[in-house]
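In what follows, a single structure is set out as structure tokens and then discussed.
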Amino acid sequence: MKSDVTIIKDEEIDLLLNELFERYGYDFTGYARASLKRRINRLFVIDRLPSFAELLYKVRSQPEYLPHFVEEVSVNVTEMFRDPSTFKTIREEVLPVLATHPFIRIWHAGCASGEEVYSMAILLEEANLLHKSLLYATDLNASVIENIKKGIFPLSQMKQYSENYILSGGKKQFSDYYTAKYDWAKFDERFKSKMIAATHNLVSDRSFNEFQIIFCRNVLIYFDKALQDKVLTLFDDSLEKLGYLVLGAKENMRFSKIAKNYTQLDKEKIWRKIK
Amino acid sequence: MEKDKIKRLVVIGGSAGSLEVILGLVSGLPVNADFTYILVVHRKSDSDSLLAHILSSRTPMPVCEVEDKEEILPNHIYIAPPDYHLLLENEGLFSLDSSEKIHHSRPSIDVTFESAAESFGAKTIGILLSGANADGAMGLRAIKDKGGLTIVQNPAAAEVAFMPEQAIKMDAAKQILDNSEIIDFFKNY
């Protein structure tokens, strides 16, 4: 079993990352090495690559392989109302503050297929704020961005999402928000009309607006500490004073240099910019 | 670097039916041996910090659910958080990963065991307990292949035999021990 799976060596990873950067401008050198290595090893299995040389050859000579490589190496797992208590806190403590703004801008950085963006749009609608909100959804992968524009998610997940929704303080019938068709749930067009989806690489792209909330959940875990710090600084530059930054359940900004300007809400992974 | 102070990295994996042995084992773990203990237990994500709470009443060592990029310290017990894979970075930090489930499990025992073998090599001790799926067997084999010590709960003594059986089939076990032998293992170590 084990023996026929190629295990990539550290120096081979260095060679590969160098190639990706030199040739295509994708910089993975600041990714946490242990999980990056796992993702690359997984590529050998799913693409049936016999050797590292084969992978390197593909990367060098087949530019069309690159989007696939980036998509498979990055992790695109997400769900609606993940960690419901976070969304409950946003409902109860964050949205009432945002309600006073004439216009609300939210950035979902590294949003993958967009389940979280739709969750937030539902929250905004229930708080009667969606009409004056814009949700910017960005990800490294172009293909997952397409999914946001469609608003279609697997029907099999809806039971779980509905439970999460209720735990987040949702009072409505969750199934009213989508139409079921075959194995898919299509969310109402009115949500999509408030979203702007685009590719954005947190490693190399800059701030593009100022927001009242930035979501970046379970993205920083794939970065090493230096890159985490760099990305948190990018968020700091993109967040209005008194704006909110929402991270994943096991992520923390305490190691970063921006931490001193923020205060944490309760025990949730929500920080408010106070300076 | 704290990583260099760690004499042994003990990774314990368990699923259905493993809790009782884990509780017994944790009570007997040496406290000042400069060992680091990591627990990967399959469980529901809503039982969040309950396990850490139960375990901390049985040992004077700090018991914590891992946060991303936390430093790996000796004389600590770390628990893989629900819904994340737990990995070890070479520079002595933990990384979390929320990628696809392995053997329907996240955290996956295989992922942590393989990562431990990779970054701690022969210093690693892997212990695989009761469970109903094949998670952990490959990872335990990886520890053995790197020269680490591997212990499998005797399937006859395990509440659910399947997981330890898989490890034995893969020739991943250096020792097959009964429950009381596992619990006492570190007392005589």
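The values are calculated or read from the model by the stated rules, or taken from the named source; none is laboratory data. Please read all numbers here as calculations on a predicted model, not as lab measurements. Heads up, the Cβs are rebuilt from the backbone with ideal geometry, glycines too, and the neighbour counts pull from every protein chain shown.
From the list B:Glu65, B:Glu20, B:Glu100, pick out the single residue that is out of contact with any helix residue (DSSP H, G or I) (no Cβ under 6 Å at 6 or more places or on another chain), facing chain A (nearest Cβ under 9 Å) and surrounded by fewer than 22 Cβ atoms within 10 Å (Cβ to Cβ).
Of the residues listed, the single one that is out of contact with any helix residue (DSSP H, G or I) (no Cβ under 6 Å at 6 or more places or on another chain), facing chain A (nearest Cβ under 9 Å) and surrounded by fewer than 22 Cβ atoms within 10 Å (Cβ to Cβ) is B:Glu100.
Only one residue in A:Phe21, A:Phe87, A:Phe52, A:Phe81 is aromatic (Phe, Trp, Tyr) and over 25 Å from the mean Cα position of the chain (by Cα). Which one?
Checking each option against the conditions leaves just A:Phe52.
Return the residues of segment A:64-113 that are crowded, with 20+ Cβ neighbours inside 10 Å, under 20 Å from A:Phe153 (Cα atoms) and among the polar types (S, T, N, Q); say none if nothing qualifies.
Answer for segment A:64-113, where residues must be crowded, with 20+ Cβ neighbours inside 10 Å, under 20 Å from A:Phe153 (Cα atoms) and among the polar types (S, T, N, Q): A:Ser74, A:Thr78, A:Ser113.
Search segment B:121-133 for residues that are buried (at least 23 other Cβ atoms within 10 Å of the Cβ) and pair each with any residue that is basic (Lys, Arg) and not in a strand (DSSP E or B) when their beta-carbon atoms are under 8 Å apart and the residues are at least 6 apart or on different chains.
Here the result reads B:Thr124/B:Lys146; B:Gly126/B:Lys144, each pair linking segment B:121-133 to a residue that is basic (Lys, Arg) and not in a strand (DSSP E or B).
Just wondering, is there one or more residues in segment A:67-82 that are of a type in the set (S, T, N, Q) and in a helix (DSSP H, G or I)?
no
From the list A:Phe211, A:Phe191, exactly one residue is out of contact with any Lys or Arg (no Cβ under 7 Å at 6 or more places or on another chain), closer than 24 Å to A:Glu79 by Cβ and surrounded by 20 or more Cβ atoms within 10 Å (Cβ to Cβ). Which is it?
Result: A:Phe191 is the single residue among A:Phe211, A:Phe191 that is out of contact with any Lys or Arg (no Cβ under 7 Å at 6 or more places or on another chain), closer than 24 Å to A:Glu79 by Cβ and surrounded by 20 or more Cβ atoms within 10 Å (Cβ to Cβ).
Search segment A:266-275 for residues being more than 11 Å from chain B (Cβ to nearest Cβ) and within 21 Å of the chain's Cα centre (by Cα), and hand back the single one that is surrounded by the most Cβ atoms within 10 Å (Cβ to Cβ).
Result: A:Trp271.
How many residues are acidic (Asp, Glu), in a helix (DSSP H, G or I) and surrounded by 14 or more Cβ atoms within 10 Å (Cβ to Cβ) when one looks only at segment A:11-63?
3
Taking segment B:73-97, which residues are within 12 Å of chain A (Cβ to nearest Cβ), part of a loop (DSSP other than H, G, I, E, B) and either buried (at least 24 other Cβ atoms within 10 Å of the Cβ) or without any contact (Cβ under 8 Å) to a residue 60 or more places away in the chain (or both)?
Of everything in segment B:73-97, those that are within 12 Å of chain A (Cβ to nearest Cβ), part of a loop (DSSP other than H, G, I, E, B) and either buried (at least 24 other Cβ atoms within 10 Å of the Cβ) or without any contact (Cβ under 8 Å) to a residue 60 or more places away in the chain (or both) turn out to be B:Ala80, B:Pro81, B:Pro82, B:Asp83, B:Tyr84, B:Glu89, B:Asn90.
Answer yes or no as to whether A:Ser238 is in the same structural domain as A:Lys269 (by TED's automatic domain parsing), among the polar types (S, T, N, Q) and farther than 28 Å from A:Val73 by Cα.
no
Could we say that B:Val152 is within 14 Å of chain A (Cβ to nearest Cβ) and within 16 Å of the chain's Cα centre (by Cα) here?
So B:Val152 fails the test.
Between a residue in segment A:194-222 that is touching a residue at least 40 places away in the same chain (Cβ under 8 Å) and within 14 Å of chain B (Cβ to nearest Cβ) and any residue that is assigned to a helix (DSSP H, G or I) and not small (Gly, Ala, Ser), which pairs come within a Cβ distance under 6 Å, given they are 6 or more apart or on different chains?
Within 6 Å, no pair qualifies.
Using beta carbons and a limit of 9 Å, which pairs, at least six apart or on different chains, have the first residue in segment A:42-54 and of a type in the set (Ser, Thr, Tyr) and the second one surrounded by 10 or more Cβ atoms within 10 Å (Cβ to Cβ)?
From residues that are of a type in the set (Ser, Thr, Tyr), the pairs are A:Ser51/A:Thr6; A:Ser51/A:Phe44.
From A:Arg48, A:Arg38, grab the single residue that is more than 30 Å from A:Ala185 (Cα to Cα), of a type outside the set (Gly, Ala, Ser) and within 14 Å of chain B (Cβ to nearest Cβ).
Result: A:Arg38 is the single residue among A:Arg48, A:Arg38 that is more than 30 Å from A:Ala185 (Cα to Cα), of a type outside the set (Gly, Ala, Ser) and within 14 Å of chain B (Cβ to nearest Cβ).
What pairs can you find where one residue is in segment A:224-236 and more than 14 Å from chain B (Cβ to nearest Cβ), the other is assigned to a helix (DSSP H, G or I) and surrounded by fewer than 20 Cβ atoms within 10 Å (Cβ to Cβ), and their Cβ atoms are less than 8 Å apart, with a gap of 6+ or different chains?
A:Asp236/A:Asn261
If you check B:Ala122, B:Ala117, which single one turns out to be under 14 Å from the mean Cα position of the chain (by Cα), more than 10 Å from chain A (Cβ to nearest Cβ) and within 24 Å of B:Asp4 (Cβ to Cβ)?
It is B:Ala117.
Residue check, A:Ile90 against (1) farther than 26 Å from B:Lys101 by Cβ; (2) outside the structural domain of A:Asn141 (by TED's automatic domain parsing), all met but one. Which one?
Result: A:Ile90 passes all but (2).
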